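Reviewing the structure listed below.
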Amino acid sequence: MKTIGVLTSGGDAPGMNAAIRAVVRTAISLGMNVKGIKRGYSGLIDGEIIDLDARSVADIINRGGTMLYTARSGRFKTSEGIAAAIENCKKFGIEGIAVIGGDGSFRGARELSNRGIPCVGIPGTIDNDISSSDYTIGYDTAMNTALEMIDRIRDTAQSHDRCSVIEVMGRHAGYIAENVGIAVGATDILIPEIESNADEVISRILEAKANGKQHFIIVVAEGVGNVEGLAKEIMDKTGIDTRATILGHVQRGGNPTVLDRVRATQMGNAAVHLLYKGIGNRVVSYKGSKIVDFDINDALEMKKEIAFDKLTVARETSM
Ligand code: ADP
């Protein structure tokens, strides 16, 4: 390949910029040209495509968000949309694409690969919900941001003998909640993978209270929902002053951590080495401390299980 494209798609994640930088500079090192496709598949359809050189990606390794912007594109799921995208690949001389995003973005990458534009996926999502990879870009930063925010809430919860019910990101996956919950010493952690029960949460709080604990943190993944309702129920049934906080999009932003920058750089680099060899329809992944790659179909079929034993660890250490 002489020219490749790079795009970010779906939800943004800190470290996507580091991946873009790695893609661009690796490609240039290998003698290829790089086009930046703005706003994901939407920009591919609309021809929002720019030339990128080594200097275009200077000073972004440290920045959250994505310099190429990101979007969700309904049009790309239609045959007209995908035809327009292919047309633009031909027009701009794009022979392959590094797609940084989640499962949905990989499905789009598969469509393009099947139509003669080899694509390689790079897992970018704060939720860590990509089965082929133990780790996704943005996950570590999001966890550290949530941790910092909850530490602050803890200061005030502790001062007032309160219970804080805190919602962290994770619509379908409890990875952030589980790890952050352990890291803040949460009295309980609720994740979407396990049906939750307010009475069980309340009995844990009362047990901890009987052990002398005076403030309580309950970490809830977004997918479980209704933190306001849970806070009210805890307050009504225990008499403990209880507040709900939804951390929200604060967890998406901020400077990426060391881990996110390093993994993003490694995965971006690996994706370009595949494209350089003309190999597409792959997803780069981090598995067992190694950077590997899988066929997109296989990657999308894989299942990943959350470490349920960590919940037990959390409960046994937060009395
Ligand atoms: P993520 O990549 O974070 O999972 P989405 O699921 O929103 O985010 O997917 C991002 C974009 O990928 C969608 O807006 C759409 O353009 C494209 N996409 C998702 N699923 C498909 C599909 N089955 N076929 C083609 N394109 C898809």
Exercise for the section: Taking only the stretch 160-181 into account, find how many residues are under 24 Å from GLY11 (Cβ atoms), touching a residue at least 60 places away in the same chain (Cβ under 8 Å), of a type outside the set (Ser, Thr, Tyr) and not in a strand (DSSP E or B). Expected result: 7
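Rundown of residues vs (1) closer than 30 Å to GLY96 by Cα; (2) assigned to a loop (DSSP other than H, G, I, E, B), yes/no style:
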residue	(1), (2)
ILE240	no, yes
PRO256	yes, yes
ARG261	yes, no
MET267	yes, no
TYR286	yes, no
PHE294	yes, no
ALA299	yes, no
LYS310	no, no
ARG315	no, no
Problem - Boolean, ASP151 is near the ligand (Cβ under 10 Å from one of its atoms) and either of a type outside the set (A, V, I, L, M, F, W, C) or over 11 Å from the mean Cα position of the chain (by Cα) (or both) - result: no
Handout entry: Candidate set from the stretch 213-264 (those that are closer than 30 Å to ILE60 by Cα and among the basic types (Lys, Arg)); member that is surrounded by the fewest Cβ atoms within 10 Å (Cβ to Cβ)
Key = ARG252
Handout entry: Complete set of residues in the stretch 111-124 that are under 17 Å from VAL6 (Cβ atoms), within 10 Å of the ligand (Cβ to nearest atom) and not small (Gly, Ala, Ser)
Key = LEU112, PRO123
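Out of the helices (runs of 4 or more DSSP H) lying entirely within the stretch 1-117, which hold 1 or more residues that are under 17 Å from the mean Cα position of the chain (by Cα), at pLDDT below 95 and not hydrophobic (A, V, I, L, M, F, W, C)?
Filter on the stretch 1-117 gives an empty set.
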Practice task
Can you tell me which residue among ILE20, ILE4, ILE37, ILE50 is within 19 Å of GLN266 (Cα to Cα) and either within 16 Å of the ligand (Cβ to nearest atom) or surrounded by fewer than 20 Cβ atoms within 10 Å (Cβ to Cβ) (or both)?
Solution key: ILE20
Fill in the blank from the handout: Flagged in the stretch 67-101 as within 12 Å of the ligand (Cβ to nearest atom) and under 30 Å from GLN251 (Cα atoms), in numbering order, are THR70, ALA71, ARG72, SER73, GLY74, ARG75, PHE76, LYS77, VAL99, ILE100, GLY101
Exercise for the section: Being small (Gly, Ala, Ser), more than 21 Å from the chain's Cα centre (by Cα) and modelled with pLDDT of 95 or more narrows it down to one of GLY254, GLY280, GLY268, so name that one. Expected result: GLY280
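Matching residues to (1) closer than 30 Å to THR3 by Cα; (2) in contact with a strand residue (DSSP E or B) (Cβ under 7 Å, 6 or more places away or on another chain); (3) crowded, with 20+ Cβ neighbours inside 10 Å:
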position: GLY268; (1), (2), (3): yes, yes, yes
position: HIS273; (1), (2), (3): yes, no, no
position: GLY278; (1), (2), (3): yes, no, no
position: VAL283; (1), (2), (3): yes, yes, yes
position: ASP295; (1), (2), (3): yes, yes, no
position: ALA299; (1), (2), (3): yes, yes, yes
position: MET302; (1), (2), (3): no, no, no
position: ALA314; (1), (2), (3): no, yes, yes
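The values are calculated or read from the model by the stated rules, or taken from the named source; none is laboratory data. Model, not experiment: these values are computed from the prediction. Note: ideal-geometry Cβ built from the backbone for every residue, glycine included; neighbour counts use all protein chains shown.
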